[in-house]
Structures are given as C-alpha cells and as structure tokens.
1. Per residue, how much accessible area does the range 318-495 have with a 1.4 Å probe, in Å²?
2. Report, to one decimal in Å, the Kirkwood hydrodynamic radius for the range 369-472 based on all distinct Cα pairs.
3. Take the solvent-accessible surface of the protein heavy atoms, probe 1.4 Å, and return the percent of it on the range 318-495 that carbon and sulfur atoms account for.
4. By its C-alpha gyration tensor, with a ≥ b ≥ c as the square roots of the eigenvalues, how is the range 318-495 shaped: rounded for a/c under 1.5, else prolate for a/b larger than b/c, else oblate?
5. Would you list GLU233, GLU317, GLU16 from the most to the least accessible area, probe 1.4 Å?
Amino acid sequence: MGGSSSTASAPAEARELREQEALASAALSLPLLRAVFSRSPDLAATLSLPPASFRSAPPLETPAHFQDLLASLGPSIASLFFSRGASTDAGAGDWVAFLRGFNSCCARARASLPLAALLRVYAAACAAAGAPCGVQFRPDEDGGGDEEGGKVVGELAPGEIALLLSMCWVMAWSGLAPRVSGGEEGGKGEPVLHPDVSHLVLSALVSAGAVADDEDVWGWEVSAAGKGVSVQEFTSWVISTVPGLGNCLSRYVQDRFRSSEVDPTKQESSVSTGNTTFDTSDAYLLTRGRAWSISLSVRNTLSEKFLPASVIGMDTEDLLYRSSLHGKGLSRFWSCVEGYKGPALILISAFSKTGSDNVDAGQKWGLGVLTEDGFENKDTFYGSSGFLCATYPIFRMLLPSGKEKNIMYCHLHTQLKTYEATPKPLGLAFGGSIGNERVFIDEDFSKVTIRHHAVDKTYQHGSLIPNQGYLPVEASILDFEVWGLGGQTTKRQQDIFKKREDIFSGQRRKIDLAAFGNWEDSPEKMMMDMVSDPNRPRREER
C-alpha cells in the first residue's frame with residue numbers, strides 16, 4: 001500500500017514542478033533562478049537594497065522610520081515568500097517551494113493580488129522596523145498556504161501611505177541605480193534625492209472621500225493628522241489611478257536576482273546617482289515625483305521612459321520648449337516643436353486669475369497632456385491617442401474614453417493668410433469640440449480655460465483642478481513645458497526637418513536682381529507716370 005501511494009504522488013509532484021517552472025520562466029530564466037536558489041541561505045542579503053542614504057528636498061522631510069523600513073525590506077520578503085525554499089541541502093522539494101514563493105510575488109495575476117503581496121511586505125517590514133502600521137494579514141480559516149489564501153485588511157493613515165509610496169519608489173530606484181551610477185569614488189555615498197509623493201497621497205485620500213476636493217487641499221500636509229483609507233479603498237484607487245504600483249514588488253525581486261548574478265561584488269558598494277548629463281534637481285515642472293506618478297499610470301511603453309526620470313530627472317536634451325526660456329506665444333512654441341513627430345508631454349502651471357465661486361483665487365495648480373502623435377498645424381482636431389492628467393496639488397490621470405478622438409488641436413496663422421468667413425480659434429486645445437474645448441490655451445500663452453467634462457467625449461470624466469465646478473475656469477499661465485519622448489531618432493529627424501526648412505526659407509528670401517530690367521523701360525514706371533499726370537502728351541515710338 002505504501003508503495004502504491006508513493007507511486008501515485010510522484011506524477012502529481014512532477015506535474016506541479018512543470019507548472020511552477022513554466023510560470024517562473026515567464027518572468028526570469030530558469031538557469032538564473034537555479035543559481036539564486038543555490039545560494040538560498042543568503043536570500044535575505046540578495047533581496048536587500050544596495051547601501052545608500054536618502055534625503056528630501058526642503059521643506060519636505062523624509063518619512064519617519066524610513067531607513068529602518070528599508071533595512072528590513074529584504075529579510076521581510078525572504079521570510080514571507082522564500083522561507084520554505086531556504087535549505088542547505090537544496091533538494092527537489094525545496095526547489096518547488098522556492099519556485100512557489102517566487103511565483104507568489106512575481107507571476108502574472110489579477111491586479112489585486114500583486115498589490116496584496118506588496119501590502120504584506122510593507123506590514124512585515126513595518127513590524128521589523130518598529131513603525132506603526134494599520135495593515136494586517138488574515139490567513140484563510142481552512143489553513144491554506146500563506147501565499148495562496150487570506151486577505152489583507154486594515155486602514156492606512158496619510159503618513160503610512162506616504163511611507164508605503166516612498167518604499168515603492170526606492171524599490172524602483174534599486175533596479176535603475178547601477179545603470180545610472182556616477183561610478184567614481186568621489187561620488188559614492190552621496191544622499192539620493194527622494195521625490196515628493198504628497199500629490200499621490202492626497203489623490204488617494206480624495207478618491208476615498210477622506211479629504212474634500214475643495215480649496216482646502218492647497219493647505220493640506222501629509223504630516224497633519226487626519227482620516228485614513230481602508231485597504232479596500234486604497235486598492236481601488238491604485239487599480240484606477242496608479243496600476244503600476246502593484247508591479248513594484250515583482251520588478252524589485254527580479255532586479256535583485258539579476259543584479260546578484262551580473263556582478264555580485266557591486267552589492268557591497270554604495271550607489272551614486274550623480275550624472276552630469278541629467279538634471280540633478282527639480283527645477284522643471286516635470287519633477288521626479290510627477291514623472292514617477294505618470295510612469296505608474298500609463299499602461300504602455302511610455303511608462304519605461306518616465307521611470308528613469310523619477311530617479312535621475314529628465315534628460316535636458318528632451319526639453320523641446322519652455323516658456324520661461326524660449327518665450328511665450330504660439331509662434332515661439334511652434335518654432336520649437338515643428339517637425340517633431342513623436343510622443344510628447346505638455347505640462348502647464350497656472351493660477352486662478354479672478355476670484356470665482358468654484359476656484360479660489362491665487363492658488364497654483366498644474367495639468368499635463370500626454371500625446372503620442374506629435375504636433376501639426378491644423379484647424380481641426382487630430383490624434384489617435386492621448387491622456388489628460390492633473391499634476392498638482394492632486395494627481396489624476398484621465399484616459400481616453402474611446403467615444404471621440406478630439407485628442408489635440410493646434411492652429412496658428414501661416415505666412416499665406418487667406419480670408420475666412422468664420423475663422424477658427426488660434427491656440428492649443430485638448431478634448432471637447434471647437435468652441436467648447438476641455439482645455440484651451442490662447443495664442444499668447446497667457447490664459448488657459450478649463451471646462452467641465454460634460455462638454456468632452458474624448459477623455460474620461462473627472463476634474464482637472466480642485467473644486468472645479470460646472471462653470472468654465474480661466475487662469476493665467478505661469479510656465480509651460482514640452483518634453484519630447486520619442487528618443488534620439490525622433491529628435492534627429494526633427495533637426496533634419498528644421499535644417500531643410502531653413503534652407504527653403506533662405507532661398508525664398510533671396511532676390512535675383514538680374515531678373516529686374518531697366519527701370520526707365522519698365523511697365524511699372526510707365527504706369528506710375530500715367531498716374532502722376534494722365535493728361536501729359538506722349539509720343540509713340542515707332
């Protein structure tokens with residue numbers, strides 16, 4: 001009987017091994033996983049962050065217990081998911097348990113499961129660091145495995161949300177740090193600039209109803225005590241606004257496994273993000289925090305463009321236009337972006353010009369537009385895909401609704417002006433229709449008008465500024481930026497286009513004096529003489 005039972009269990013174990021290996025190989029190669037598994041007693045060290053210190057730009061402060069939480073991150077992941085596979089004999093059963101733990105945090109699953117695993121890691125790291133945490137994990141009563149059964153419950157206070165988001169950003173930083181390191185001895189040990197995540201925290205609280213969407217949001221601070229959000233409300237906000245947050249744990253584990261095999265000696269050295277090619281401070285509208293927010297929200301390949309920018313800042317060579325640098329106005333804007341046929345990000349900073357009922361006067365706010373079609377001078381809407389987003393003080397991403405494709409409108413007069421009975425408006429617009437644009441920027445780039453989402457069928461519903469209301473909102477533009485996201489190839493094509501246009505413009509300005517005859521024999525002089533004295537007798541030359 002014992003022999004038959006053993007024989008029957010063998011196919012089941014082999015089948016589970018094949019299933020686990022198939023799931024794991026979709027994320028990482030099996031030889032790499034076997035190499036990591038051979039060092040399973042050191043998994044806590046492998047999954048730990050590279051040594052580094054972090055700082056926040058004044059007046060922001062680094063969250064409390066931040067460094068202790070980061071120090072507990074690797075051991076917490078190892079104990080939650082890989083404790084069953086950590087064995088000195090490294091047998092076949094331990095290999096299956098290791099794969100099971102890897103798949104629990106890295107295999108593809110519905111959106112709520114990776115986020116639940118991330119919250120479990122956060123709760124375990126907080127417990128190890130002695131940080132307050134309102135998140136608990138409740139296993140299934142039937143005794144299912146910790147990786148398979150149970151649910152995460154509890155409530156997240158504003159400070160805890162900020163701490164969780166900061167931890168996730170550091171997890172993203174760890175995968176990019178070796179590639180952007182300054183690499184010299186003099187740059188090692190420098191503190192890494194930590195981005196501002198307050199706009200994301202406020203977005204989660206407003207989405208859950210813990211903070212009212214009114215003028216009070218401008219004076220709101222993360223450190224202020226207030227109502228938190230439940231885990232269920234936080235999960236709903238992540239899925240709808242920043243779905244990429246759930247992938248932070250999977251990306252982090254895979255990056256740590258890869259880096260341990262590429263060059264294990266680098267695990268013992270500090271990492272510097274000093275790189276003179278990139279901006280080292282948040283001097284632009286596209287700050288590190290906003291770049292990271294957009295990378296978490298966009299569900300396409302552009303997400304990978306913004307992720308490095310959240311760590312080292314955007315490459316200044318990608319800045320196509322900035323009003324404070326190139327001057328305000330549609331013509332100056334067009335001279336900088338003409339010929340750019342690639343995705344671009346437009347960012348606007350503005351403040352309410354008059355004290356209206358729906359927006360408090362004098363309060364700054366920001367919005368952005370992500371377009372994938374470049375720029376065209378047309379008197380109609382165009383585009384195939386685009387996104388609207390509120391960047392400050394609350395972050396929101398409004399995806400295309402799919403009902404209409406009035407993505408973008410860019411119209412300015414050319415040198416060849418023609419008569420128009422009903423001239424089209426000059427300026428930039430996004431969403432809505434001509435005359436009822438969701439966002440409209442005038443020709444001088446001095447004023448922006450925001451209308452209610454009821455006039456727009458292109459982008460999803462939602463307010464772009466706090467306490468927007470139903471009436472159109474007019475505001476003065478403070479700054480305007482355009483970032484090219486098409487890479488060096490697209491920028492090189494734009495440079496070729498501009499050089500060709502400069503050659504054509506120079507040819508059009510040249511005057512061929514040889515084409516003009518003698519003025520005394522020209523018809524123009526005869527006409528001028530007739531106009532000056534039409535009765536003067538003239539002799540006809542035969």
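1. 42 Å²
2. 14.3 Å
3. 48 percent
4. rounded
5. GLU317, GLU233, GLU16
The values are calculated or read from the model by the stated rules, or taken from the named source; none is laboratory data. Computed from a predicted structure; not experimentally measured. Remember, those area values only see protein heavy atoms, side chains included, never the ligands or the DNA or RNA. Shrake-Rupley method; radii C 1.70, N 1.55, O 1.52, S 1.80 Å.
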